[in-house]
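A.B. asks: Quick one: the structure is below, questions incoming.
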Amino acid sequence: TGREKPDFLATVDVDPNSPTYSKVIHRLPVPYIGDELHHSGWNACSSCHGDPLADRRFLILPSLVSGRIYVVDTKTNPKAPSLHKVVQPDDIVKKTSLSYPHTSHCLASGDVMVSCLGDKDGNAKGNGFLLLDSQFNVKGRWEKPGHSPSFGYDFWYQPRHKTMISSSWGAPAAFTKGFNLQHVADGLYGRHLFVYSWPDGELKQTMDLGNTGLIPLEIRFLHDPSKDTGYVGCALSSNMVRFFKTQDGSWNHEVAISVQPLKVQNWILPEMPGLITDFLISLDDRFLYFVNWLHGDVRQYNIEDPKNPVLAGQAWVGGLVQKGSPIVAVTEDGQTWQSNVPEIQERSLRGGPQMIQLSLDGKRLYVTNSLFSTWDRQFYPELMEKGSHMLQIDVDTEKGGLKINPNFFVDFGAEPDGPALAHEMRYPGGDCTSDIWI
């Protein structure tokens, strides 16, 4: 944001029966400046189900820009988490040559695996997967030597199919400077999925998604561990691509959902992609949710037939084409339109939906609106001055449907140290109406 203040982990009360409902009840500032906390993960998860000593206690917070990794104790006092350990970037670079850490997942072994998007100079070819041991010491790389992907971003593994698949954003040297379409043409952004053997780290297959899969970001298998299918959201192409195992044991892909670009006026390009930046799947594998950061809508699809998703709900919570914006969309017959975005608690909604988190019962979808500070400044400069916010959407889990909760609004523009940018959220394990960390 340009304010020389450290990032922080916020604890938000999401219990509607609490007197501090929809409030930030604790802030844990990190001890350094310029980190850019981005994604997060746990030290223990369902992959540790056979280990009685596994304890979902620590939240792993990689810093995308600085390369640090923070380990936060969320169990000693869940309403006031505390800093447990800092993994310094110099140690990571010295032992692995990796930098720009992004996604973290726990492993059944007790280790934590973190995807890193490049080397210390921002070159994509230097990326790979970092391993931390159970005490969060740098252990080394996960993938076998010579088996690093061309680009890095997110990853997900399905042990019963002995497979891990990773996605590809772009070279840090490119995306940290803001989005430039020429960088796509120059080959500085990805369009591939990388299929690895699990857990031994051998790159078995590279799937080229082509122009239908430009900048594939978040990737998810279905939660059912027996299933051999999943999805990846491709930001620039604005397609949800389904990947699946074939009869010969290899993997293939197809477009499952396509968000058509909007023809627009008064914007930098004549067409505006939806820019799918985040998605998730409900724990029962019935619904898929994703956001269009530029268009401004959140969508719910029924995926009981994974090959044929059906739109079940949609809510407009921001975007570049909302009423009051100079940018207008143009229909095929030449008519112009803008989305009707409601005010929440007499506040106008800023930016576009970016990160989402679903309550464990699937009935409440939480939404924030910061993507990456450089991109926020480029596409939604208002966020720099007014900060971002957090919303809650009520979900109809029977028939489908999304409705904004008018009683929930967390304004990160009113922070004590100035407007802040809210990114990814995590629920604690257990009660799904307690607190949420962001």
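The values are calculated or read from the model by the stated rules, or taken from the named source; none is laboratory data. This structure is a prediction, so every number in the text was calculated from the model and none was measured. Ideal geometry is used to build each Cβ from the backbone, glycine not excepted, and the neighbour counts take in all protein chains shown. Surface areas here come from the heavy atoms of the whole protein model, side chains and all, with no ligands, DNA or RNA. Shrake-Rupley method; radii C 1.70, N 1.55, O 1.52, S 1.80 Å.
A.B. asks: To the nearest 10 square angstrom, what accessible area does residue 139 show with a 1.4 Å probe?
C.D. replies: Result for residue 139: roughly 120 Å² accessible.
A.B. asks: To continue, here is another question. Hey, can you rank 219-227, 345-353, 115-123 by average C-beta count inside 10 Å, highest first?
C.D. replies: So the order, starting with the most tightly packed, is 115-123, 345-353, 219-227.
A.B. asks: Sum up the lysine pairs in segment 265-423 that clear both bars: alpha-carbon distance under 28 Å and a spacing of 8 or more or different chains.
C.D. replies: 8
A.B. asks: Towards the positive end of the charge dipole of the chain, with charges on Cβ (+1 Lys, Arg; -1 Asp, Glu), say which of 293, 265, 103 has the farthest Cα.
C.D. replies: 103
A.B. asks: Return the tail of the calculated pair distribution for segment 147-242, meaning the percent of Cα-Cα pairs more than 20 Å apart.
C.D. replies: Values: 1579 of 4560 pairs.
Pairs farther apart than 20 Å: 35 percent.
A.B. asks: Okay, next question. Between residue 331 and residue 160, what FRET efficiency comes out of the Förster formula 1/(1 + (r/R0)^6) with R0 = 41 Å and r the beta carbon distance, rounded to 0.05?
C.D. replies: 0.30
A.B. asks: Right, something else. Given a 1.4 angstrom probe, what's the average accessible area per residue across the chain, in square angstrom?
C.D. replies: Computed with neighbouring chains in place, this is 41 Å² per residue.
A.B. asks: Under a point-charge model restricted to the Cβ atoms of Lys and Arg (+1) and Asp and Glu (-1), what is the dipole moment magnitude of the chain relative to its Cα centre, in debye to the nearest 20?
C.D. replies: Approximately 460 debye in magnitude.
A.B. asks: Moving to a separate point now. Excluding residue 325 itself, calculate the net charge of residues whose Cβ lies under 13 Å from the Cβ of residue 325, where each Lys or Arg counts +1 and each Asp or Glu counts -1.
C.D. replies: +1
A.B. asks: Determine the relative contact order of segment 124-182: mean sequence separation of Cα pairs under 8 Å and six or more apart, normalised by residue count, in whole percent.
C.D. replies: 27
A.B. asks: Using +1 at the Cβ of each Lys and Arg and -1 at the Cβ of each Asp and Glu in segment 209-275, identify which of 229, 212, 246 lies farthest towards the dipole's positive end.
C.D. replies: About the Cα centre, the residue reaching furthest to the positive side is 212.
A.B. asks: Quote the FRET efficiency, to the nearest 0.05, computed for residue 252 versus residue 73 with a Förster distance R0 of 51 Å and r equal to the Cβ-Cβ distance.
C.D. replies: Details: r = 43 Å, r/R0 = 0.84.
FRET efficiency, residue 252 to residue 73: 0.75.
A.B. asks: Among the listed pairs 120/162; 94/139; 139/177, which have their C-alpha atoms separated by more than 21 angstrom in this model?
C.D. replies: Violating the 21 Å limit, Cα to Cα: 120/162; 139/177.
A.B. asks: Tell me the carbon and sulfur percent of the accessible area for segment 134-282, rounded to whole percent, probe radius 1.4 Å.
C.D. replies: C and S atoms contribute 48 percent here.
A.B. asks: Under a 1.4 angstrom probe, counting protein chains only, how are 25, 276 ranked by accessible area, largest first?
C.D. replies: Working: 25 55, 276 0 Å².
Largest to smallest exposure gives the sequence 25, 276.
A.B. asks: Do any GluC sites (Glu not before Pro) in segment 228-307 lie in a DSSP loop with no more than 16 other beta carbon atoms within 10 Å, and if so, which?
C.D. replies: 304
A.B. asks: If you build the Cα gyration tensor of the chain and take the root of 5 times each eigenvalue, what three semi-axes come out, in whole angstrom, biggest first? Before the final figure, lay out the partial values.
C.D. replies: On the way: eigenvalues 176, 138, 103 Å².
So the equivalent ellipsoid measures 30, 26, 23 Å along its semi-axes.
A.B. asks: For the chain, modelled as a Gaussian network with Cα springs under 10 Å, which listed residue fluctuates most, 178, 274, 334?
C.D. replies: 334
A.B. asks: Among 378, 84, 395, pick out the residue whose Cα is farthest towards the positive end of the charge dipole of the chain, where Lys and Arg carry +1 and Asp and Glu carry -1 on C-beta, about the Cα centre.
C.D. replies: 84
A.B. asks: Moving on. Remind me, relative contact order of the chain in percent, using alpha carbon pairs under 8 angstrom and six or more residues apart?
C.D. replies: It comes to 10 percent, rounded to a whole number.
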